[in-house]
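First comes the structure, then the notes that go with it.
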Amino acid sequence: MSRAFGVAAGLDPGVARPLAARCAELGYGSMWSNDHPGAKGLATLAEFAAAAPAIELGVAVIALDRTPPEQIAADVEELGIDPGRLWLGVGAGFTKKPLTTMREALPQLRELLPGVKLVLAAMGPKMCELAGGSFDGVFFNWMTPGFAAGAREKVEAGAAAAGRETPRVFGYVRTAVGPDAAERLAKEESFYRDLHKGYRDHFDRLGEPEGTVGIAAPDSTAAQDALAAYGALDTIVVRGLASAKVEAMSAVAEAAAPTS
């Protein structure tokens, strides 16, 4: 199990660069950003790349209904991101036929982005099976350790049916540390619980009380114990819940840093 650190896209370069350098010192294997209408995750990755040249980069995820493959390829080239360092997470967004959309998009993504490792956002069992059978990785979001274990089984089944090894399984684990940790996690989760029908259905399947999906820890010891439960993930992407300042984000990164 490896560990990565993730942030929201649009992080100020004055924060992103020193944070990436600190995470590299702490032993994180990659730096990740999400992608949203207000900021491109790939732009945030370019800042990470400049400050930590040896670390891998990941974006999770770019919705193809908002940013088509041609634009993604153009952004990668314009930003000068090394394809060999990039894990590119993609999702269906609000498309009406998400499975068909992602299955049909894969050949074009392969053609336009040679050398880039393609990661599929998956929550439901069919998308997990598609990821296992066709993509270089799969990305989970908002899962408990037990739910992630069940989802991984679907990925493994998809890989077995395709006669290939199971691709790398990543997942965001929202992590807040300190006296206000519970409030930070609850605020983040409440936003996503009602973001759209896909998330509403997902949280209904989880069946967990509000404010409990992720980690709210008083200190590093508690955070490390909670992260250790996510054994179904090959790479835990610690999604730091803190104010967008170097000291605050670095404190979460330090508390959740790889231990070996």
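Quick notes
- The C-beta contact set for the stretch 182-196 (first residue within 10 Å of Gly211 (Cβ to Cβ), second residue part of a helix (DSSP H, G or I), distance under 8 angstrom, 6+ apart or interchain) comprises Arg193/Tyr199; Arg193/Arg200; Arg193/Phe203.
For every residue, the table says whether it meets (1) of a type in the set (S, T, N, Q); (2) more than 22 Å from Glu70 (Cα to Cα).
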position: Phe94; (1), (2): no, no
position: Pro98; (1), (2): no, no
position: Thr101; (1), (2): yes, no
position: Leu109; (1), (2): no, no
position: Gly115; (1), (2): no, no
position: Ala121; (1), (2): no, no
position: Lys126; (1), (2): no, yes
position: Gly132; (1), (2): no, yes
position: Gly137; (1), (2): no, no
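- Every test in (1) closer than 17 Å to Lys126 by Cβ; (2) crowded, with 22+ Cβ neighbours inside 10 Å; (3) out of contact with any Cys (no Cβ under 8 Å at 6 or more places or on another chain) is passed by Phe170 save one, and that test is (1).
- For the stretch 192-226, the set of residues classified as under 17 Å from Phe139 (Cβ atoms) and in contact with a strand residue (DSSP E or B) (Cβ under 6 Å, 6 or more places away or on another chain) consists of Gly214 only.
- The listed residues are Ala223, Ala253, and the only one of them that is out of contact with any His (no Cβ under 6 Å at 6 or more places or on another chain), without any contact (Cβ under 8 Å) to a residue 60 or more places away in the chain, open to solvent by less than 30 Å² (accessible area, probe 1.4 Å) and under 23 Å from Ala16 (Cα atoms) turns out to be Ala223.
- Checked against (1) open to solvent by less than 60 Å² (accessible area, probe 1.4 Å); (2) farther than 29 Å from Ala251 by Cα, Glu156 passes all but a single condition, namely (1).
- The lone exception for Leu112 - which of (1) open to solvent by less than 60 Å² (accessible area, probe 1.4 Å); (2) farther than 29 Å from Val213 by Cα; (3) touching a residue at least 40 places away in the same chain (Cβ under 8 Å) it fails: (1)
- Only a single item in (1) open to solvent by 30 Å² or more (accessible area, probe 1.4 Å); (2) in a helix (DSSP H, G or I); (3) under 21 Å from Val155 (Cβ atoms) is not met by Ala229, and it is number (2).
- Some residue of the stretch 200-212 being at pLDDT below 95, of a type outside the set (A, V, I, L, M, F, W, C), open to solvent by less than 30 Å² (accessible area, probe 1.4 Å) and outside any loop (DSSP other than H, G, I, E, B): yes
- All told, Ala157 meets the bar of being at pLDDT 95 or above and farther than 20 Å from Ala60 by Cα.
- Single residue of the stretch 236-250 satisfying the filter (in contact (Cβ under 8 Å) with a residue 60 or more places away in the chain and assigned to a helix (DSSP H, G or I)) that is most open to solvent (accessible area, probe 1.4 Å): Val246
- Residue selected from the stretch 19-36 under the condition farther than 11 Å from Glu254 by Cβ and among the hydroxyl-bearing types (Ser, Thr, Tyr), by the criterion farthest from the chain's Cα centre (by Cα): Ser30
So that you can scan it fast, the table gives a plain yes or no per residue for (1) under 18 Å from Leu113 (Cα atoms); (2) of a type in the set (A, V, I, L, M); (3) open to solvent by less than 10 Å² (accessible area, probe 1.4 Å):
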| residue | (1), (2), (3) |
| --- | --- |
| Arg3 | no, no, no |
| Ala21 | no, yes, no |
| Asn34 | no, no, no |
| Ala51 | no, yes, no |
| Glu77 | yes, no, no |
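The values are calculated or read from the model by the stated rules, or taken from the named source; none is laboratory data. Since we're looking at a predicted model, the values are computed, not measured. All Cβ positions, glycine included, derive from the backbone under ideal geometry; neighbour counts span all protein chains shown. With ligands, DNA and RNA removed, areas are computed over all heavy atoms of the protein, side chains included. Shrake-Rupley method; radii C 1.70, N 1.55, O 1.52, S 1.80 Å.
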